[in-house]
Amino acid sequence: MAAGKIFKFRGGALCLDLVNTVNQRKAGHFDDRLESYADLLSWAEQTGALDKASVRALERAAALRPADARAVLAEARELREAVYSIFNALAAGRRSPPAALATLNRMLAHALAHLELLPGPHQFDWRFAGAADALDRMLWPVARSAADLLTREQHALVRTCAADDCAWMFVDATRNRSRRWCDMGDCGNRAKARRFYRRKKESAE
């Protein structure tokens with residue numbers, strides 16, 4: 001695995017897992033976990049967006065072209081914020097911001113140019129093909145993931161975590177569509193603890 005951080009995946013879609021590389025967005029701290037191209041590679045390998053061989057090839061390419069690697073990191077952040085803006089607006093019942101949609105469409109057009117059909121044992125399948133040293137290749141499936149989610153009924157099931165200090169997003173796949181937290185063990189338990197503390201404090205007054 002590429003050297004870097006360990007990431008958690010709660011989104012249910014690759015594009016939302018990219019959104020969730022920012023912590024404490026609601027609290028205004030904006031803790032960006034993608035601090036380097038190495039972090040982006042670690043994230044991509046952990047999600048399965050890139051295999052180990054591709055990661056190793058991109059590590060070598062980034063070492064030779066550090067300025068290009070920094071530019072790709074900036075693109076990843078731009079794509080992440082566009083996806084967040086679009087789905088956050090939809091989750092709140094608002095129209096998607098035109099600028100964010102334009103950003104996604106621009107990156108989607110670039111990604112789809114690398115998509116090809118490949119015959120399999122029972123049916124054809126899609127795969128992304130391109131130069132092994134294309135530093136932005138992990139962004140191609142992210143853009144497609146966002147497009148796929150937006151064009152399916154699942155887009156109406158995208159939620160933002162209800163915690164006061166979290167803005168992670170997820171597809172609510174629960175039967176009764178009642179999921180409120182990105183992770184019950186993290187944000188859910190913290191919210192329960194805060195409620196308990198408030199009730200205890202109020203009863204003592």
Can you pull out the residues in the range 124-165 that are at pLDDT below 95, under 25 Å from R177 (Cβ atoms) and touching a Leu at 6+ places or on another chain (Cβ under 9 Å)?
H155, A156
Can you find a residue that is in contact with an Asp or Glu (Cβ under 7 Å, 6 or more places away or on another chain) and over 27 Å from L58 (Cβ atoms) anywhere in the range 139-157?
yes
Is it true that some residue in the range 130-151 is free of Cβ contacts under 8 Å to residues at least 24 places away in the same chain and among the basic types (K, R)?
no
Mind listing just one residue for me: the one in the range 178-205 that is modelled with pLDDT of 80 or more and assigned to a loop (DSSP other than H, G, I, E, B) and, of those, nearest to G11 (Cα to Cα)?
C182
Of all residues in the range 116-171 being among the hydroxyl-bearing types (S, T, Y) and surrounded by 17 or more Cβ atoms within 10 Å (Cβ to Cβ), which is farthest from L64 (Cα to Cα)?
T160
The one condition in (1) within 29 Å of F30 (Cβ to Cβ); (2) more than 16 Å from the chain's Cα centre (by Cα); (3) modelled with pLDDT of 95 or more that L112 fails to fulfil
(1)
Please specify each residue of the range 8-31 satisfying the condition of being over 11 Å from the mean Cα position of the chain (by Cα) and either assigned to a loop (DSSP other than H, G, I, E, B) or modelled with pLDDT of 95 or more (or both).
Q24, R25, K26, A27, G28, H29, F30
Subset of the range 46-55 (residues that are touching a residue at least 24 places away in the same chain (Cβ under 8 Å), more than 13 Å from the chain's Cα centre (by Cα) and assigned to a helix (DSSP H, G or I)):
K52, S54, V55
Here are A76, A57: which of them is among the small types (G, A, S) and in contact with a Leu (Cβ under 6 Å, 6 or more places away or on another chain)?
A76
Out of all the residues in the range 33-45, which are surrounded by fewer than 15 Cβ atoms within 10 Å (Cβ to Cβ) and either modelled with pLDDT under 95 or in a helix (DSSP H, G or I) (or both)?
none
Residue within the range 70-90 that is of a type in the set (A, V, I, L, M, F, W, C), farther than 30 Å from Q154 by Cβ and buried (at least 17 other Cβ atoms within 10 Å of the Cβ) present:
no
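The values are calculated or read from the model by the stated rules, or taken from the named source; none is laboratory data. Because the structure is predicted, anything quoted here is derived from the model rather than measured. We place every Cβ from the backbone using ideal geometry, glycine too, and count neighbours over all the protein chains shown.
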